[in-house]
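Everything below concerns the one structure shown next.
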Amino acid sequence: MILMQPIDFINIFKEANNQFSIIKKFLTSFGFLEIYATLIKSYFLKGDGEMKIVFIEPMPPDFHIFSRYALPRLGTIILGTILKKAGHQVEVMVETVEKLNYKKILDAELVGISAITSTAKRSYVLGDELKKLGKTVVFGGPHPTFLAEEALEHGHFVLRGEAESTIIPFVQALEEKTGLEKIPGLSFRIGDKFFHNPNPPFCANLDDFPFPDFSLLNGQLGNIKPVITSRGCPYNCSFCAVTELFGRKYRFRNPERVLEELEQLNLEKNDAVFFYDDNFVANPANSKCLLRLMIENKITPKWTAQLRADASEDEELLELMRLANCFFVYIGLESINPETLRAYKKQINLEEIRSAIERFHKYGIRIHGMFVLGADTDNLETVRETAKFALKNKIDTVQFMILTPIPGTRFYKEIESEGRLLTRDWSLYDGHHVVYRPRNMTPYQLQKETFKGMARFYSLWQVLWLFLRLDFISFIYRSYGNHLVTRWQRERINRRYYKLMKEISNDARARLEDNIRKTAEDIRRYFKNLRKKALRESKD
């Protein structure tokens, strides 16, 4: 890794021009003059103050409990809004909202791809194909932030960390073909050398961000509207990358500014709001102020948020949440094993978790409990007892996630240094597949028992019991969960993965290959057909 020092970027473009001369000879020999012209036009950006830019958020490789909701992450939309206000033509394509519009992608001069670990493989294939056509590709998001050099194998640049303050200088530097060495958080490659500019500072004032312009989406946003009120988290769980990405210090938006954004969403009767914060009530005073403003101004759509279980200890907060129309909270309960809770540094015990569930239910707020299974302090009994605990304590919906060593976390570094990673097929890093060797059980046991726990919680018997009790809302949630569990079990890749886990556990394999699951065949197929079409036209 080389920290970037000021250099003459004219030399970079001279080197690029030499490379294009070689590419030109190859392409023209096959009649690809149009592709070469597009390549030159795209690489050397026109610099007239207005650029065509497309941001892409690729779809995850597998379905999950939130798959039915078209809910984009806010990063690319905020960046797109900033660039639009600066006079650029911007489109944001979120595959969970709408299919990719390749015509618009190919018309763009700059393509930004936002990747989390499970979407990295698909993102990289898209980057590879666009690079072949001469498009300038910049990666962003958590995975490229932590593995920038890997991402640079598939694109030209990586904007690491928070890019709201760096996106405009970056685009200006591209237009002017100079100054890239001054952009904080920018990584790029020259020949065999990687250059990483110093990390960007965290954005101090979140109120400086514009409201996300959802009209930039290449598709219709669903009835759940995402809003963010804070960034950062001080708890530093070993398996979570939030603190590395957004820092350990909380930063909050002004409640009046958030209220103004809620007003501008023009919410309709069936709309709901999801507060994207990692902990919506990290600053109780700030949260209470927002909730009071929502109540006073009669802006009380149904809303949900992520928060910690200990938020339930504040009765005033719970009452305000009820009055403001909170109907569901997502709580990282993580484990029922006291040793694991200590290892995760959750700063909460099992009795406090039970009390939290009771208090939220007392105020009519449903709970989605998220558990992470497979810590070095866990065993088979821990995994089996988790489903029993969730049913006994009447948690409304659950996710039993397999502990996953996400790049950028302390846990990833530990597992990698101990040689316990089973694969670097990033598409399997989705919380539903075992990708490392657990300490107190085999990979197959962890995979099998986690799925059995989900199947037990969402069993047909549980669905029927809720129906007989006339609890129709819970019946609908559990029915959907049962549908997902059944569907997951039938997926060919998942059936195959069980067999692979058996082989690993029986020492028939030492590790898995890094390309087990195909996640971008549709992208490859599109560009393959595009090349065939260009070849036919050149012959005509």
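The values are calculated or read from the model by the stated rules, or taken from the named source; none is laboratory data. Here the structure is a predicted model, which is why all the values come from computation and not from measurement. Glycine also receives a Cβ, built like all others from the backbone with ideal geometry; neighbour counts cover every protein chain displayed.
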Restricted to the range 214-244 and to residues being surrounded by 17 or more Cβ atoms within 10 Å (Cβ to Cβ) and touching a Ser or Thr at 6+ places or on another chain (Cβ under 6 Å), the residue farthest from Thr404 (Cα to Cα) is Cys233
Could you check, for the range 246-263, whether at least one of its residues is over 21 Å from Val97 (Cα atoms), of a type in the set (Ser, Thr, Tyr) and in contact (Cβ under 8 Å) with a residue 40 or more places away in the chain?
no
Checking the condition over 30 Å from Asp128 (Cα atoms) and loosely packed, with under 13 Cβ neighbours inside 10 Å, which residue from Asn529, Asn506, Asn482, Asn440 passes?
Asn506
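Looking only at the range 353-361, decide whether some residue is assigned to a loop (DSSP other than H, G, I, E, B), touching a residue at least 12 places away in the same chain (Cβ under 8 Å) and of a type in the set (Ser, Thr, Tyr). Give the derivation first.
As a first pass, look at the range 353-361 and keep what is assigned to a loop (DSSP other than H, G, I, E, B): none.
Among the residues of the range 353-361, not one is assigned to a loop (DSSP other than H, G, I, E, B), touching a residue at least 12 places away in the same chain (Cβ under 8 Å) and of a type in the set (Ser, Thr, Tyr), which makes the answer no.
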Name every residue in the range 78-132 that is under 14 Å from the mean Cα position of the chain (by Cα) and of a type in the set (Ser, Thr, Tyr), in order of residue number.
Thr96, Ser114, Thr117, Ser118, Thr119, Ser123
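When you check Tyr444 against the structure, is it out of contact with any Pro (no Cβ under 9 Å at 6 or more places or on another chain) and within 14 Å of Leu422 (Cβ to Cβ), yes or no?
Working: out of contact with any Pro (no Cβ under 9 Å at 6 or more places or on another chain): yes; within 14 Å of Leu422 (Cβ to Cβ): yes.
Criteria met by Tyr444.
Would you please name the residue that is farthest from Tyr444 (Cα to Cα), looking only at residues in the range 498-519 that are of a type outside the set (Val, Ile, Thr) and within 23 Å of the chain's Cα centre (by Cα)?
Step one: filter the range 498-519 for residues of a type outside the set (Val, Ile, Thr), giving 498-503, 505-515, 517-518.
From the residues that got through so far, the ones that are within 23 Å of the chain's Cα centre (by Cα) too are 514-515, 517-518.
Details: Asp514: 18, Asn515: 19, Arg517: 18, Lys518: 22 Å.
Taking the candidates together, the pick is Lys518.
Looking at the range 503-524 only, could you name the residues that are of a type in the set (Asp, Glu), over 13 Å from Asp425 (Cβ atoms) and modelled with pLDDT under 90?
Residues of the range 503-524 that are of a type in the set (Asp, Glu), as a first pass: 503, 507, 513-514, 521-522.
Remaining after also requiring over 13 Å from Asp425 (Cβ atoms): 503, 507, 521-522.
Selection gives Asp507 alone.
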Quick one: which residue in Ala311, Ala324, Ala305 is in contact with a strand residue (DSSP E or B) (Cβ under 6 Å, 6 or more places away or on another chain), among the hydrophobic types (A, V, I, L, M, F, W, C) and under 24 Å from Pro255 (Cβ atoms)?
Ala305
How many residues does the range 228-269 contain that are hydrophobic (A, V, I, L, M, F, W, C) and either over 26 Å from Met294 (Cα atoms) or in a strand (DSSP E or B) (or both)?
8
Enumeration of residues in the range 312-328 that are hydrophobic (A, V, I, L, M, F, W, C), touching a residue at least 40 places away in the same chain (Cβ under 8 Å) and buried (at least 19 other Cβ atoms within 10 Å of the Cβ):
Leu318, Met321
Number of the condition not met by Pro255 [criteria: (1) buried (at least 18 other Cβ atoms within 10 Å of the Cβ); (2) farther than 18 Å from Lys298 by Cα]
(2)
Take the conditions at pLDDT 95 or above, buried (at least 20 other Cβ atoms within 10 Å of the Cβ) and touching a helix residue (DSSP H, G or I) at 6+ places or on another chain (Cβ under 8 Å) and apply them to Tyr363. Does it pass?
no
Which of the following residues is buried (at least 17 other Cβ atoms within 10 Å of the Cβ), in contact (Cβ under 8 Å) with a residue 40 or more places away in the chain and among the hydrophobic types (A, V, I, L, M, F, W, C): Leu373, Leu391?
Leu373
If the Cβ limit is 6 Å and pairs must be 6+ apart or interchain, which residue in the range 83-103 that is free of Cβ contacts under 8 Å to residues at least 40 places away in the same chain pairs with which residue that is of a type in the set (A, V, I, L, M, F, W, C)?
Glu95/Met59; Thr96/Met59; Thr96/Ala70
Applying the selection to the range 242-259, what residues are within 14 Å of Asn279 (Cα to Cα) and in contact with a helix residue (DSSP H, G or I) (Cβ under 7 Å, 6 or more places away or on another chain)?
Arg251, Phe252, Arg253
